[in-house]
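Below: one structure, written as structure tokens.
Rule-based calculations on the coordinates, nothing more; no lab input. Quick caveat, the model's predicted, so the values are computed rather than measured. Cβ: placed from backbone, ideal geometry, glycine included. Neighbour counts: every protein chain shown.
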Amino acid sequence: MSWDHLPEWLRPLAELAGSVEAEQLAHQTLALSRAVGDPWSEAQTLTELGGLALRQGQFAEAQRQLRESITVFKMLADDWSLARSLNRLGDAL
């Protein structure tokens, strides 16, 4: 699978998709994004966490994370990322 559509910094995480290590790294990334006040990275990471939860069949958790990312992307007026999160939310419903 190609991860070319993802930001370069997020590709290693995507390659680990579905693993416990991927989830741990994503949670660390989320914490760091929040600590440094980087809402775009926070929302991107929430989208990836939502995708991980979706692939694991954790639909309620996926919905929670994706809805949170959608809120941030709306605030940032990042329509492309917003569409990506909305698409994944549709898969989780």
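Each Lys and Arg adds +1 at its Cβ and each Asp and Glu adds -1 at its Cβ; summed about the Cα centre, region 24-69 shows a dipole of about 120 debye.
Considering Cα pairs under 8 angstrom that are at least six residues apart, work out the relative contact order of region 16-93 and quote it in whole percent. Walk me through the numbers before you get to the answer.
Numbers: 84 pairs, mean separation 20.7, N = 78.
This gives 27 percent for region 16-93.
For region 39-93, taking Cα atoms only, Rg and Dmax work out to 9.8, 30 Å respectively. Here the Karplus relation 6.51 cos²θ - 1.76 cosθ + 1.60, evaluated at θ = phi - 60°, turns the backbone of region 80-88 into coupling constants of 5, 5, 4, 4, 4, 5, 4, 4, 5 Hz, with x for every Gly and Pro.
Extension gain, Glu8 to Ala83, is 25.0 nm, computed as 0.36 nm per intervening residue step minus the present C-alpha separation.
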